[in-house]
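The values are calculated or read from the model by the stated rules, or taken from the named source; none is laboratory data. Bear in mind that the values here come from a model prediction, so they are computed numbers and not experimental data. As a convention, Cβ positions derive from the backbone with ideal geometry for all residues, glycine included, and neighbour counts pool all protein chains shown.
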Amino acid sequence: MQAPADDHGSILDAAPPPEIAVAGPREAPERGTPDWNSASAGVWKHSHDLVEVSFGSGCVLEADIVNEVAHGVGGLMENPPVRVLIDVSGLARVEPAAAAKFRKVEGVSRLALIGYGPADQVLARFFMTSMAGGTNVPIDYFQDRAAAFEYLGGYV
């Protein structure tokens with residue numbers, strides 16, 4: 001049995017809804033091969049006192065990963081303090097213990113967090129809030145790599 005059509009026509013005659021544009025995954029910056037890496041993170045040494053840390057997609061940042069990365073950075077850098085750029089865009093979550101552990105890492109003179117969307121900003125703010133009060137290291141969040149490197153003092 002067919003439903004009667006009204007003066008407005010059938011629902012099957014309606015135009016399809018407009019397509020919703022969904023942003024694809026962000027393009028990762030071209031960094032080359034990391035100078036140090038683990039299953040969870042990579043570290044790139046940009047100069048004698050500037051490193052960049054990036055995490056694998058979906059990584060949950062836990063205290064043991066912070067220890068692992070700190071050890072990797074320490075092995076690359078001859079003379080602390082170092083300036084650190086952390087790309088939070090691969091992170092799914094930051095455990096409170098990880099932020100607390102990072103707060104105790106020594107030898108960091110300035111820290112920039114970079115992300116590319118609202119979820120990254122939320123993670124970065126949580127990370128920054130968790131570190132507050134336990135460190136006097138300047139820290140800020142950016143959505144632009146050039147601005148983050150400028151904040152860190154550039155390639156020196």
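Among the residues making up the range 32-63, a single one is among the charged types (D, E, K, R), within 24 Å of residue 119 (Cα to Cα) and surrounded by fewer than 19 Cβ atoms within 10 Å (Cβ to Cβ): 62. Only one of the numbered conditions (1) more than 24 Å from residue 143 (Cα to Cα); (2) out of contact with any strand residue (DSSP E or B) (no Cβ under 6 Å at 6 or more places or on another chain) is not met by residue 66, and that is (1). Restricted to helices (runs of 4 or more DSSP H) entirely inside the range 64-156, those with at least 3 residues that are buried (at least 18 other Cβ atoms within 10 Å of the Cβ) and under 11 Å from the mean Cα position of the chain (by Cα) are 118-131.
Could we say that residue 97 is of a type in the set (A, V, I, L, M), at pLDDT below 85 and more than 26 Å from residue 45 (Cβ to Cβ) here? Answer is no for this residue.
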